[in-house]
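Q: I have a structure here, written as structure tokens, and I will follow up with some questions on it.
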Amino acid sequence: MSGPAKVSSIEALEAFRADLIRYVEKARVALEDAESEVRRTRSWLEADRAQHWGMEIKKRKKRLEMAEADYYNARITRPAESHTAHKHMVARAQRALEEAEAKALVVKKWRERFDNVVLPLVRQLDPAFFMVSQQLPKGVHQLGESIKALQEYAEKFPSAPAKSSAPAPTEEGGTP
């Protein structure tokens, strides 16, 4: 080295390190939240919605069977009467069952689409996870070590007062 290093602000490095630590924490939380939201959505599609519409199909099949049985019993016991109300009940139960089956099919398609569309996007976050969980903490550590080294250097070699190019005043207040 030809002369002393000119370290102007170790405090600025310390402030940057503190900001970097906060950034790493916020980035980690954001990435974990994104991953968690993806898992929660997938679970909602696979477990909650699939189970819900599966149960609805069972319930609606049972209602359709009951409506058909009521209609059949009414035709047997009262063959002369009009059974329009019973026919409407059977038709309504049939439409409700078809609606549940259609919704179950939509959930199935979304589950397949989710795997094909969202999971590749989530995999693209892997480099960001690596950066936030591995690289940036190493950088924070190295920056801390550099700050320590600079502090030790500054203590060993305190900066000399700046030399002025103007002549120093004499005791009498004038210049020589």
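Q: Within segment 62-73, is even one residue hydroxyl-bearing (Ser, Thr, Tyr) and within 23 Å of Ala96 (Cα to Cα)?
A: Within segment 62-73, the first condition is being hydroxyl-bearing (Ser, Thr, Tyr), and the residues that meet it are 71-72.
Cutting the leftovers down to within 23 Å of Ala96 (Cα to Cα) gives us 71-72.
So far as segment 62-73 goes, yes, one or more of its residues are hydroxyl-bearing (Ser, Thr, Tyr) and within 23 Å of Ala96 (Cα to Cα).
Q: Can I ask one more? Quick test for you: out of Pro120, Pro127, pick the one residue that is closer than 30 Å to Leu13 by Cα, surrounded by fewer than 15 Cβ atoms within 10 Å (Cβ to Cβ) and not basic (Lys, Arg). Break it down into steps so the answer makes sense when it comes.
A: Details: Pro120 fails: closer than 30 Å to Leu13 by Cα.
Of Pro120, Pro127, the one residue that is closer than 30 Å to Leu13 by Cα, surrounded by fewer than 15 Cβ atoms within 10 Å (Cβ to Cβ) and not basic (Lys, Arg) is Pro127.
Q: Something else now. Considering segment 101-154 alone, what residues qualify as being touching a Leu at 6+ places or on another chain (Cβ under 8 Å) and not in a helix (DSSP H, G or I)?
A: Initial filter on segment 101-154 (touching a Leu at 6+ places or on another chain (Cβ under 8 Å)): 107, 110-111, 114, 125, 128-129, 132, 136, 139-140, 143, 146-147, 150.
Residue satisfying the conditions is Leu125 alone.
Q: Does Glu56 fit the bill of being surrounded by 11 or more Cβ atoms within 10 Å (Cβ to Cβ), touching a residue at least 60 places away in the same chain (Cβ under 8 Å) and either in a helix (DSSP H, G or I) or β-branched (Val, Ile, Thr) (or both)? Before you say what the answer is, go through the steps one by one.
A: Numbers: surrounded by 11 or more Cβ atoms within 10 Å (Cβ to Cβ): yes; touching a residue at least 60 places away in the same chain (Cβ under 8 Å): no; either in a helix (DSSP H, G or I) or β-branched (Val, Ile, Thr) (or both): yes.
No; evaluated as a whole, the condition is false for this residue.
Q: Between a residue in segment 106-132 that is under 11 Å from Leu31 (Cα atoms) and any residue that is aromatic (Phe, Trp, Tyr) and not in a helix (DSSP H, G or I), which pairs come within a Cβ distance under 7 Å, given they are 6 or more apart or on different chains?
A: none
Q: Further question on the same structure: Quick one: what pairs do we get from segment 12-31, first residue within 19 Å of Pro127 (Cα to Cα), second small (Gly, Ala, Ser) and part of a helix (DSSP H, G or I), C-beta under 8 Å, 6+ apart or different chains?
A: Leu20/Gly139; Ala27/Ala128; Arg28/Ser133; Leu31/Ala128
Q: Restricting to segment 109-136, count the residues that are more than 30 Å from Ile21 (Cβ to Cβ) and either in contact with a Pro (Cβ under 6 Å, 6 or more places away or on another chain) or of a type outside the set (Asp, Glu) (or both). Step through it out loud before you land on a result.
A: So in segment 109-136, the residues more than 30 Å from Ile21 (Cβ to Cβ) come out as 109-120.
Adding the requirement that they be either in contact with a Pro (Cβ under 6 Å, 6 or more places away or on another chain) or of a type outside the set (Asp, Glu) (or both) leaves 109-111, 113-114, 116-120.
Residues flagged as more than 30 Å from Ile21 (Cβ to Cβ) and either in contact with a Pro (Cβ under 6 Å, 6 or more places away or on another chain) or of a type outside the set (Asp, Glu) (or both) within segment 109-136 amount to 10.
Since every read-out is calculated from the coordinates, none of them should be taken as a lab result. Quick caveat: nothing in here was measured; it's all calculated off a predicted structure. Reconstructed Cβ throughout: ideal geometry from the backbone, glycine too, with neighbour counts over all protein chains shown.
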